[in-house]
Amino acid sequence: AKAEFDRRICYYERDMDEQARERRDMARDLWTAVENDGFHLAYQVQKSVATSEITGYEVLLRWNRPGYGEVSPADFIPVAEECGAINAIGVWVLKVACLEAASWPEPFKIAVNVSGLQLSQIELIATVRNTLLMSGLAPHRLELEVTETSIIGDKQRALHILRQIKALGVSIAIDDFGTGYSSLETLRAFPFDKIKLDRSFMSEVESNEQSKAIVRAILALGRSLSVPVLAEGVETSAQLDVLRKEGCTEAQGFLLGRPGAIDWSDRLELGMRA
Ligand code: C2E
Ligand code: CA
Ligand code: CA
Ligand code: CA
């Protein structure tokens, strides 16, 4: 039994070493990407449920890691937070996104994700202000997406930072709503401009009455707070039908458009035909 125990501990330690080494390698590659322009951005459309009109685009960070290929931000953002690279990455994302949006032929909104580490630093206020000035983007066209968990650290400081940014005219959305353990508490603590209903609610909304009832309740909550709700992860027209019936404001998901480059020529043609 002792030998078995030792063997397991040994496996466990080797596993830990292995994971630590992988994180260290990834952190090194992330810093290299920061220095060598190794990231790019994908844009995913957001549309009005009632009219199908485009309301804006969410910016999603992409990293083609040399020797590995595309790595999901869900995998590398935590490492970037751990090694501090997230600050430089966050500044870069904001800058490129705002410059890009300022040059769009249509005044759509641009939604940028902000990590918890950024939300714990007072410099974020100046970064946002300077980026708006530098890019010339009107503040009301920028929306920051924050998750409930990113406000958990020093809550008072995070709320102070959000208030200051909102005072610039930038709007703030609560992302992945409904997945945390204190969504309602977070909603009460700050006047969010948009609720992004987490995509886990979409998967069963057509088939499961329980899921549909929860979605309906969150939409009612948004209405009574006068906060528009955007449903994430809409993949089927049946899901979109439910959202339309239940009065959801906006939707985003593979059905409406995959993240990627924006093809403006489609719109120009439409405009010319009109
Ligand atoms: P998120 O903010 O919830 O972003 C939405 C994610 O859902 C994106 O994954 C998007 O590709 C995916 N998605 C969109 N529509 C659908 C759908 O219909 N079905 C399914 N199954 N998925 C859909 P992605 O791009 O892999 O990003 C994952 C997460 O990484 C994001 O979740 C966000 O938390 C984080 N992230 C992405 N870009 C940034 C960034 O610039 N900064 C920070 N701090 N985090 C970022
Ligand atoms: Ca988001
Ligand atoms: Ca989300
Ligand atoms: Ca998420």
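Which whole-number percent is the relative contact order of the range 137-249 (Cα, under 8 Å, 6+ apart)? Write down the numbers at each step before the final one.
Working: 136 pairs, mean separation 25.3, N = 113.
In percent, rounded to a whole number, it is 22.
Roughly how many whole Å is it from the C-alpha centroid of the range 104-125 to that of the range 202-236?
25 Å
Estimate the FRET efficiency between SER52 and LYS95 by the formula 1/(1 + (r/R0)^6), using the beta-carbon distance for r and 30 Å for R0, to the nearest 0.05.
Working: r = 31 Å, r/R0 = 1.04.
The pair SER52/LYS95 has a calculated efficiency of 0.45.
To the nearest 0.05, how large is the calculated FRET efficiency for LEU184 and ALA261 if R₀ is 30 Å and r is the Cβ-Cβ distance? If you can, show how the numbers build up before the last one.
Values: r = 38 Å, r/R0 = 1.26.
The formula returns an efficiency of 0.20 here.
Spin-label point model (7 Å from Cα, Cβ direction): what's the ASP193 to THR236 distance in nm?
That separation, rounded to one decimal, is 3.4 nm.
On a 0 to 90° scale, report how tilted helix 264-273 is relative to the longest principal axis of the chain, with both axes built from alpha carbons and the result rounded to the nearest 10.
10 degrees
Does the range 64-175 classify as rounded, prolate or oblate by the C-alpha gyration tensor (a ≥ b ≥ c root eigenvalues; a/c under 1.5 gives rounded; else a/b over b/c gives prolate, otherwise oblate)? Write down the numbers at each step before the final one.
Working: a/c = 1.89, a/b = 1.12, b/c = 1.68.
Oblate, since a/c reaches 1.5 and b/c is not below a/b.
With an 8 Å cut-off on Cα pairs and a minimum separation of 6 or more residues, tell me the relative contact order of the chain in percent.
Relative CO of the chain lands at 17 percent.
Pairing the Cα long axis of helix 2-35 with the longest principal axis of the chain, what angle in degrees results, from 0 to 90 and rounded to the nearest 10?
Roughly 50 degrees, rounded to the nearest 10.
In sequence order, what are the phi-derived ³J(HN,Hα) couplings for the range 116-124 according to the Karplus relation 6.51 cos²θ - 1.76 cosθ + 1.60 with θ = phi - 60°, rounded to whole Hz, with x for glycine and proline?
x, 5, 4, 6, 9, 10, 4, 4, 4
Kindly flag which residue pairs out of LYS47/LYS155; LYS47/LYS95; LYS47/LYS109; LYS166/LYS212; LYS194/LYS245; LYS166/LYS245 have an alpha-carbon separation exceeding 22 Å in this structure. Numbers along the way, then the final one.
Details: LYS47/LYS155 31 Å; LYS47/LYS95 24 Å; LYS47/LYS109 11 Å; LYS166/LYS212 32 Å; LYS194/LYS245 19 Å; LYS166/LYS245 32 Å.
Checking Cα-Cα distances, LYS47/LYS155; LYS47/LYS95; LYS166/LYS212; LYS166/LYS245 exceed 22 Å.
Throughout, read-outs are computed from the coordinates displayed, never taken from laboratory work. Nothing here was measured: the structure is a model prediction, and the numbers come from that model. Glycine also receives a Cβ, built like all others from the backbone with ideal geometry; neighbour counts cover every protein chain displayed.
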